[in-house]
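Structure provided below as structure tokens; questions to follow.
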Amino acid sequence: MNGLAEGIQNAVQYIEDNLTEELNIDDIAIKAYVSSFHFQRIFSALCGFTVGEYIRGRRLSAAAQELSRSDAKVIDIALKYGYESHDSFTRAFTKFHGVSPSAAKENGAQLKSFAPLKIKLTLEGGTIMEYKIVKKAAFTVIGRSRRFLYENSYQEIPKFWQEHMKSPESANIIGMYGLSVDNKERDFEYYIADNYCPQKDIPDGYATYTLPAGLWAIFPCRGPMVDTLQSTNTRIWNEWLPNCREYKLVGNYNIEAYFAPTHNDPKDDYCEIWIPVEKI
């Protein structure tokens, strides 16, 4: 995708220009030319922390600078940077800086600085990343869903899988897919799902979701699933996407496709990540 680094830097600058205003993830993502769903994944993969964590860090860093160099009241600074009360600001500030806002006003207080990001995408070596572009008809899946925050999804989704596989529900849904769907909120919907058979009733507690016809970029993942999925996902955003000139991201969803293991050795496990794309 042409201009990925430029787009993300535009988004970062937009955050910086609006630190004291209400920030909406959709407005931020527009600056990077991608959907909010994909932007949050790209940002986390490239930066190592979420968009929300970055905004909080920048606001608390800027707030500390103002407290240390001015006579402004703590409550005025709290309100300026989006905190609704003195207490909520004090808790967040103390957790981040290790000192209270009132202590930050004292001469010689030790504070933490969280500098604005400068996004640079670089090529490091001739590593190979396998993928294929596949055209698929629309299809519907059925499964159990749960909402997850972007901030901790890497940790919490594997727990959801473990819970499901140990429950009687695994007899109904074997887990052919892990489907992520954007809610346009701070969280997203994640389905443990199988292909839907229209002739069967939908049991209580289950839901269907239809994926539209289109192109998918499919990336193989070989080895222990959790580690391999997450590392491949990071490489998609960090290596493949910045160098892709023929396709762009579309949609507000992506899929993990799981295949029955043929051996008992985890290093022989195989799954895939499917990303919806369209030709530029």
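Out of the stretch 80-97, which residues are of a type in the set (Ser, Thr, Tyr) and not in a loop (DSSP other than H, G, I, E, B)?
Going residue by residue through the stretch 80-97, those that are of a type in the set (Ser, Thr, Tyr) are 81, 83, 85, 88, 90, 94.
Selection gives 88, 90, 94.
Restricting to the stretch 75-113, and then to whatever is surrounded by fewer than 18 Cβ atoms within 10 Å (Cβ to Cβ) and of a type in the set (A, V, I, L, M, F, W, C), can you tell me which residue is nearest to residue 14 (Cα to Cα)?
Among those that are surrounded by fewer than 18 Cβ atoms within 10 Å (Cβ to Cβ) and of a type in the set (A, V, I, L, M, F, W, C), it is 79.
Right, next: For residue 46, state whether it is touching a residue at least 12 places away in the same chain (Cβ under 8 Å), of a type outside the set (Ser, Thr, Tyr) and either touching a His at 6+ places or on another chain (Cβ under 7 Å) or open to solvent by 10 Å² or more (accessible area, probe 1.4 Å) (or both).
On the way: touching a residue at least 12 places away in the same chain (Cβ under 8 Å): yes; of a type outside the set (Ser, Thr, Tyr): yes; either touching a His at 6+ places or on another chain (Cβ under 7 Å) or open to solvent by 10 Å² or more (accessible area, probe 1.4 Å) (or both): yes.
Against the criterion (touching a residue at least 12 places away in the same chain (Cβ under 8 Å), of a type outside the set (Ser, Thr, Tyr) and either touching a His at 6+ places or on another chain (Cβ under 7 Å) or open to solvent by 10 Å² or more (accessible area, probe 1.4 Å) (or both)), residue 46 qualifies.
Follow-up. Scan the stretch 19-34 and give yes if some residue there is within 30 Å of residue 242 (Cβ to Cβ), assigned to a helix (DSSP H, G or I), among the basic types (Lys, Arg) and under 24 Å from the mean Cα position of the chain (by Cα), otherwise no.
No.
Out of the stretch 224-235, which residues are open to solvent by 60 Å² or more (accessible area, probe 1.4 Å) and either part of a strand (DSSP E or B) or among the aliphatic types (A, V, I, L, M) (or both)?
226
Pairs please, first residue from the stretch 251-278 and over 17 Å from residue 230 (Cα atoms) and open to solvent by less than 10 Å² (accessible area, probe 1.4 Å), second anywhere and modelled with pLDDT under 90 and of a type in the set (Phe, Trp, Tyr), Cβ atoms under 6 Å, 6+ apart in sequence or on different chains.
From the stretch 251-278, the pairs are 277/247.
Could you look through the stretch 212-223, keep only residues that are under 19 Å from residue 131 (Cβ atoms) and either part of a loop (DSSP other than H, G, I, E, B) or β-branched (Val, Ile, Thr) (or both), and pick out the one that is modelled with the highest pLDDT?
Filtering the stretch 212-223 for residues under 19 Å from residue 131 (Cβ atoms) gives 214-223.
Filter once more, so that each one left must be either part of a loop (DSSP other than H, G, I, E, B) or β-branched (Val, Ile, Thr) (or both): 218, 223.
Numbers: 218: 93, 223: 75.
So the residue we want is 218.
For the stretch 112-144, how many residues are part of a strand (DSSP E or B) and either modelled with pLDDT under 90 or of a type in the set (Lys, Arg) (or both)? Full working, then the answer.
The initial filter retains those residues of the stretch 112-144 that are part of a strand (DSSP E or B), namely 132-136, 139-144.
Filter once more, keeping what is either modelled with pLDDT under 90 or of a type in the set (Lys, Arg) (or both): 132, 135-136, 144.
Counting residues in the stretch 112-144 that are part of a strand (DSSP E or B) and either modelled with pLDDT under 90 or of a type in the set (Lys, Arg) (or both) gives 4.
Which pairs have Cβ atoms under 8 Å, sit 6 or more apart or on different chains, and link a residue in the stretch 148-167 that is more than 18 Å from residue 234 (Cα to Cα) to one that is part of a helix (DSSP H, G or I)?
Partner pairs satisfying both residue conditions: 148/156; 148/157; 148/160; 164/170.
Can I ask one more? May I ask you to verify whether residue 23 is hydrophobic (A, V, I, L, M, F, W, C) and open to solvent by 20 Å² or more (accessible area, probe 1.4 Å)?
Working: hydrophobic (A, V, I, L, M, F, W, C): yes; open to solvent by 20 Å² or more (accessible area, probe 1.4 Å): yes.
For residue 23, the condition - hydrophobic (A, V, I, L, M, F, W, C) and open to solvent by 20 Å² or more (accessible area, probe 1.4 Å) - is met.
If you scan the stretch 50-74, which residues turn out to be within 21 Å of residue 253 (Cα to Cα) and either loosely packed, with under 15 Cβ neighbours inside 10 Å or among the small types (Gly, Ala, Ser) (or both)?
Pass one, the stretch 50-74, residues within 21 Å of residue 253 (Cα to Cα): 50-52.
Of everything in the stretch 50-74, just one residue is within 21 Å of residue 253 (Cα to Cα) and either loosely packed, with under 15 Cβ neighbours inside 10 Å or among the small types (Gly, Ala, Ser) (or both), namely 52.
The values are calculated or read from the model by the stated rules, or taken from the named source; none is laboratory data. These numbers come from a predicted model, not from an experiment. Using ideal geometry, Cβ is built from the backbone for each residue, glycine included, and neighbour counts are taken over all protein chains shown. Calculation scope for accessible area: heavy atoms of the full protein, side chains included, ligands and nucleic acids excluded. Shrake-Rupley method; radii C 1.70, N 1.55, O 1.52, S 1.80 Å.
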